[in-house]
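Shown next, in C-alpha cells, is the structure this report addresses.
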C-alpha cells in the first residue's frame, strides 16, 4: 500500500541524519533561533555499540552548550595508556605507561561513553531550548537544486521529497552474540563488512513489507547531510569518497570481561608476538570495549563474512592476550570492520548543501576520533549558517566550512593511516627485524597522536574569519576576496606576539579567572557559551594604574559604537568581556566604563562581564595572564569567534582593526 | 459533601510533610528499599521564596545521593562576605571582607538556590530509584499509638487517619507585592507574623469550600513528622517548642535589585548607624534576597500586621542602604518574620514516632541554617530506621537520633540567638558606647559562626554507634546499655591518635585518592554513597613493604569473616575499602587479598575497592594520608557509619574491636 500524498512546506535548514553530527547542527539552530528540521530514517536512537570516545575538545564544546557535566559524570575517564608487548622471549609484558590526555592541554580529559547517551543529552538540550524535534522514520527520496536561486538569500533553492515510513520503527536485523546464545546487539549492519543497510534498504524493506509511505516535499534554504558513511545526500551530489582500504579485519566486542589481565581498566595497546594486536578501552558500567585483530596481513587474506561471530572474535582475543585469561557472561554489542581511510572530494555544493561526519570521512575507530570529528564538523558549520540566516553575515563565510574541515579530515586520515598500520603490524623481534614494527616507533606515534587525538591542536587557516598571514594562493579559496571589494588595501592581520599562548585559528585556551563582582572562579571557556555571539575579550592589564585605565576608557568609546553597529534585535552579535590583572579588591565594577556593566531597566547592572586574574579563596590562582601569555601591565584585545576559535589579536588601540575585520564578515 | 470512605493499609514508614526534611527521609527509604509513603497537605511543591542557603555539609550529603552537581550548577556560589558599617562620621563604608566558606573545610562551598529546586532534585531522585511518590493534597487527621506493640518489630503500633483533599490543589492565598501592583508570591502565609495557615486551616478551607474529603486509615511501623513549625504531629504528641521570641521584626524581599550599591553580588551584613541592619544574599537568576530590619527594639515595639508590605520593607531598606540607591522592577517573593529561637523538648516518642526539621527547631533565617539542619535531621534518622527495618540493627540505635540531633538544634539556637542580637543591635558609636554593638565583636562572631554554619563541625557524642569516651551519665541516654547485656566488660573505644584529622563522631573529611586500577582521581567522600553500607576503610599504609603487606593479609582474613557475618541478602551491610600509600605502579590489584577485589560470576573482579594516595596526571597530589593525619607506613582502620560519620578508629590488628562494636549495634 503506497498512500502517496503531496504536501509542501518550507524550512530554513533541513538536516538529514540524527546521529551526533546532525544533532550538533540542530543544537546550533536551536540556540540561534533558526527554523530547522532534522529527520532520521531509523525509528529510534542507538542503544548500544557504535562510537564511544570523547576528546577533550568535544567536552569543551558540549560544555559550551551546557551538558558536558552529564557526560563527565556518566562516562569512564581515561587517564593512563598501558603498552603491552612481547619481551625478548616473546612473553607479553607491560612495557610503558603514558598519560592518556596530555596534562595541561584542556580542563577536561578524554572519556568514554556510549554514543546513545550523548545523543540523549542532545535531545534533552533541544527540547529545553527549542521546538526542534528529531522526526524519525523519515527518509529522503529525491533532491533537486535550482542554481538560479543559489545566491538569493530569500530563496529556497533546495527541494527534497521525503518519505514517511509511518508503520512503526524500522529496526535493523540483529544476530545473536553471547557465547551461550543469548541475544545481543550486533553492529554488523552498520559495518563496512556487512552489506549496506542504509537508506535504499530501509525504503526497499518498507515497500516490501507494505509499510505505509507518505511523500512530503520540503523546500529549504540550506541542507546538511549527516547521513553516515553510505550518505544518500553525498550520492545525490555525486561526490566520491577517495582513499584506500586494507584487508586487515578487526573485530569489536563490548563485554563485561572476566579476566586476570591486570590492566583491563586501563586503555591498553597489546601487540602479541604472532597473533596480532588488540586495544582495550574500558567503558562505563563495567563494560570494556575490545578491538581485536582477526587477520594479520594487509592484503590478500580473506575471511568469510559469515564466519565472523563473537565466539570467533573472542578466540582471537584469547590468543593475543595469552597467557592471561579472558571470558565473559555479558556481551552488550559486537561488530567487525575492515580498515580503510577515505575522505570526500568536496564537503559542500552551491554554498547551500553541506556534508558532515561519516558522510565525508571514514577511518578506523580505534583512536576514538569518529564521533568527535563528526560533531566538530557541524560545530564549525552551524553558527555560520545561523549567522547568514539571521541576515547579518556575508554568505562567503560558508566557504570556510570546507576549507577548515576538509583539512582536519585529511589530517585525521593521515594520522589514522599511520597509526593503524603501526598497530596492525607484527612487532619487530629485534632491531634487525625490518619487517616488524618497532615498539619504540609505535610508542612515539602514540604519544604524538595523543595531541592530535585531543582535538585541541586543530588550527584553521587564514580566511575571512581568521586574521592571520597565509599563502596568497589560499586567499581565494578561503573566501577573503570579499575584502578587496570593500576598498580595503590590506587584510587585517592579528598580532600574535601580544598573547603568546593564544594562537589565531586555534580555540582559545582556558584558565581560571574570578568574577569581579562576586569573586567566583570560572574557567574562562565557561563564559564562552555557544549562543552565536562573537566575543571581544579585553585583556585590560593593570587597571589600578591610571595610564592603563585611560587606555581602557578610550577603547570603550569605540567598543560602544561597534557593539551598537552590530546590533541584532535588542542584543548585538558582539559580547564584550574584560579580564584585568589589577588586585580584585582595588577595583570597583561601577568605576569602569558603562560597556563593562551594561544597564537594563528591569535587571539593573549586568555583573557578568568583568573578570580578574587573582587568587581565589578555594581554588588557587588561575594565573590566567601567564597562561594566555599576555603582558600583565599592558594587556591586549582578542576577538573570538562564536565557536571559541580565535580570529584576531591586537593592541588596546587596535579596535579599528576589529571594526574593519568584522565589516568584512558582516558586510 | 463529605464522602467518608474507610480504607486501611499498612506501610513501614509514613512520612508527613514533603519539604526538604521529609524528602530527605523518603530518599533514604528509596535507597534502602524500604516500604514508605510520604504525604503533603499542599497541592504543589514550592515555586518561590522560603529557604535558599545550602551549607558545605549539605552539599556533601546531596552528593552522597548523587545530585549535588545539579545544585552546584544552578546555584549562586557564595565566596566572600562584605561587612558594611558606619564610619566615624556615620557614613556607610565597607569595613571588611571575609571568606564565606572557610578555605579547606570541605570540597564544596556554601551556595544559594531556591528551596523549590532542591525539592525538584529530590523528587527526580525518588523517581529514579524507587516507586515512592509524594502524595499531595493529603492531610493527617488523627493519630493513635498502641504502646503494647511498641517493641515488637513485626507490629504496626501507629494508626493514622488521613484525609484526601481530592478536588484540586490547595493553594495558599497570596497578596500583591510589586511596587506597580503586579502579583507576586507572598510568604506571609508561612510566616510567624501571619495567622497560622497549617493543617487545621487547610482542612477547614477544604470543608468550607466543599472539597471532597476521603478518609483513609494507615497503620505504620514508624512515623516521621516533618510537618513544619506548626507541626500537626508534634501537637498530637503534646511536645512543646521551648524558647523565646523578640519583637525585632524583619522583612524579606526576593528581588532583582536596581542599585548602585557596589557589593550587591556579595553576601553583605550592613549595619546602618540609626536605621537598623540588613543582610544581602545574592541568588541565582540575578535575584538577590534582602533581609531588612523593620523594628529596631528588642521588646515593646509593635508593627501592625496589615501595614507590612513590599513597599514598606523597601523603604526600610533604602534608609539602611543610604546613600546608595535601591529599587526593583521584579519581585519574586516577600515575607516578614519576628525573631525567635525555639527547640522542642523531645524529638521522638516510643522509639517509633520522630519529629524533624522546623517541627523541632525554629530560629531566624539569616544564617541560612534552617533547610540544612532540617535535612540533616532526617539524614541522621533515615538510615537508622532503614537498618532496623531491614531486620539487622538493634532498635536501640534509634535513641541516638534524639541525642545526636537535639544537641545540634540546641547549638543552632544558641548560635542564632547570639548572632541575631548582634545583627539587630545598633552599632556602637565608639568604644565608650556600651549600648551599641561592637563591630569587631560582630566580625568575630561572624567568623566563628562560619565554621558552625558550614555544618562540618557537627560532633556527635559517645553512643552505641560512636565509639569514643564520654561521661558515664550519657551512656544510658545514648543507648549503649545494650552492650552490658552482651557480657562485654568494656565499651569499645576508638584510638583517635591514629588518624589525627579524623574525629570520632564527626563526618570523615575528604581528600583526593586515585583508583588503583584506572588511576582516576576521586574525592574520597564520593566513594561513600548513601546506600546503607557501613564502611571499613583500611588505611593500608605502604604495602610495597613486605611486613606491612603481611599485616594486611592477616587483617583480610578477619574482614572476610566479618563481612560474611553481616550479610544482607547477596550483599553485606559492610563495604571494605582500601587506601594505601605505596606508589601506584608498584602495586597490582590482583596481588592483594580477595576481599579487596571481590569476584562475581557475571562481572568478574570488582575494581572499585582499592585506592592510592599518589600523584594524579591532571589534578595534582591529594596528599590524603597527610590530610587524614594517618601514618604513611603503618596506616590504621576506620569504621564509617552509613551517614559518613566516624564510629571508630583502630590499628590494623584491631579488627576484633570492629566485630565487637558492630555486634553491639547488630545484636
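The values are calculated or read from the model by the stated rules, or taken from the named source; none is laboratory data. Please read all numbers here as calculations on a predicted model, not as lab measurements. Positions of Cβ are backbone-derived with ideal geometry, glycine not excepted, and every protein chain shown enters the neighbour counts.
A few remarks follow.
- Given (1) more than 14 Å from the chain's Cα centre (by Cα); (2) closer than 26 Å to residue A:281 by Cα; (3) assigned to a helix (DSSP H, G or I), number of the condition residue A:402 does not satisfy: (2)
- Filter pass, residue A:359 being over 15 Å from residue A:249 (Cα atoms), at pLDDT 95 or above and away from chain B (no Cβ under 14 Å): yes
- Selected residue (criterion: nearest to the other protein chains (Cβ to nearest Cβ)) from residues of region A:232-252 that are modelled with pLDDT of 95 or more and touching a strand residue (DSSP E or B) at 6+ places or on another chain (Cβ under 8 Å): A:233
- Every residue from region B:517-535 that is more than 14 Å from chain A (Cβ to nearest Cβ) and more than 17 Å from residue B:624 (Cβ to Cβ): B:530, B:531, B:532, B:533, B:534
- Contacts under 6 angstrom Cβ, first residue in region A:491-502 being in the same structural domain as residue A:634 (by the TED database), partner part of a loop (DSSP other than H, G, I, E, B) and surrounded by fewer than 19 Cβ atoms within 10 Å (Cβ to Cβ), 6 or more apart: A:493/A:469; A:499/A:629; A:500/A:629; A:501/A:629
- Options B:22, B:33; residue that is at pLDDT 95 or above, surrounded by fewer than 19 Cβ atoms within 10 Å (Cβ to Cβ) and closer than 30 Å to residue B:387 by Cα: B:33
- Answer residue from region A:379-394, given it is surrounded by 24 or more Cβ atoms within 10 Å (Cβ to Cβ) and in contact with a strand residue (DSSP E or B) (Cβ under 7 Å, 6 or more places away or on another chain) and is nearest to residue A:222 (Cα to Cα) among those: A:385
- Selected residue (only one of B:601, B:633 is free of Cβ contacts under 8 Å to residues at least 12 places away in the same chain, surrounded by fewer than 14 Cβ atoms within 10 Å (Cβ to Cβ) and either touching a strand residue (DSSP E or B) at 6+ places or on another chain (Cβ under 6 Å) or farther than 21 Å from residue B:660 by Cα (or both)): B:601
- One residue stands out among those in region B:69-91 that are at pLDDT 95 or above and over 20 Å from residue B:450 (Cβ atoms): the one that is surrounded by the most Cβ atoms within 10 Å (Cβ to Cβ), which is B:70.
- Matching entry among B:555, B:514 (being more than 24 Å from residue B:382 (Cα to Cα), outside any helix (DSSP H, G or I) and either within 14 Å of chain A (Cβ to nearest Cβ) or at pLDDT 95 or above (or both)): B:514
- Some residue of region B:587-595 being over 29 Å from residue A:110 (Cβ atoms) and in contact with a helix residue (DSSP H, G or I) (Cβ under 7 Å, 6 or more places away or on another chain): yes
- Condition met for residue B:73 (within 14 Å of chain A (Cβ to nearest Cβ), without any contact (Cβ under 8 Å) to a residue 12 or more places away in the chain and more than 16 Å from the chain's Cα centre (by Cα)): yes
So that you can scan it fast, the table gives a plain yes or no per residue for (1) closer than 30 Å to residue B:12 by Cβ; (2) under 16 Å from the mean Cα position of the chain (by Cα); (3) surrounded by fewer than 22 Cβ atoms within 10 Å (Cβ to Cβ):
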residue	(1), (2), (3)
B:96	no, no, yes
B:108	no, yes, no
B:123	yes, no, yes
B:137	yes, no, yes
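- Residue within region A:490-500 that is outside any helix (DSSP H, G or I), within 14 Å of another protein chain (Cβ to nearest Cβ) and at pLDDT 95 or above present: no
- When residue B:522 is tested against (1) buried (at least 22 other Cβ atoms within 10 Å of the Cβ); (2) within 16 Å of residue B:622 (Cβ to Cβ), just one condition goes unmet, and that condition is (1).
- Tally, over region B:644-659, of residues that are out of contact with any strand residue (DSSP E or B) (no Cβ under 8 Å at 6 or more places or on another chain) and either outside the structural domain of residue B:511 (by the TED database) or closer than 24 Å to residue B:530 by Cα (or both): 1
- Residues located in region B:584-598, provided they are touching a residue at least 40 places away in the same chain (Cβ under 8 Å) and more than 14 Å from residue B:542 (Cβ to Cβ): B:589, B:593, B:596
- Note on region A:43-68: residues that are over 14 Å from residue A:454 (Cβ atoms), away from every other protein chain (no Cβ under 14 Å) and either free of Cβ contacts under 8 Å to residues at least 12 places away in the same chain or in a loop (DSSP other than H, G, I, E, B) (or both) amount to 10.
- Within region B:418-475, being assigned to a helix (DSSP H, G or I), within 30 Å of residue B:650 (Cβ to Cβ) and free of Cβ contacts under 8 Å to residues at least 24 places away in the same chain holds for B:472, B:473, B:475.
- Selection from region A:124-169 of residues that are in a helix (DSSP H, G or I) and either touching a helix residue (DSSP H, G or I) at 6+ places or on another chain (Cβ under 7 Å) or not assigned by the TED database to the domain that holds residue A:63 (or both): A:125, A:126, A:129
- When the residues of region B:316-365 are filtered to those that are in contact (Cβ under 8 Å) with a residue 60 or more places away in the chain and assigned to a helix (DSSP H, G or I), the one that is surrounded by the fewest Cβ atoms within 10 Å (Cβ to Cβ) is B:316.
- Within region A:545-560, the set of residues being surrounded by fewer than 18 Cβ atoms within 10 Å (Cβ to Cβ) and without any contact (Cβ under 8 Å) to a residue 40 or more places away in the chain comprises A:546, A:547, A:550, A:557, A:560.
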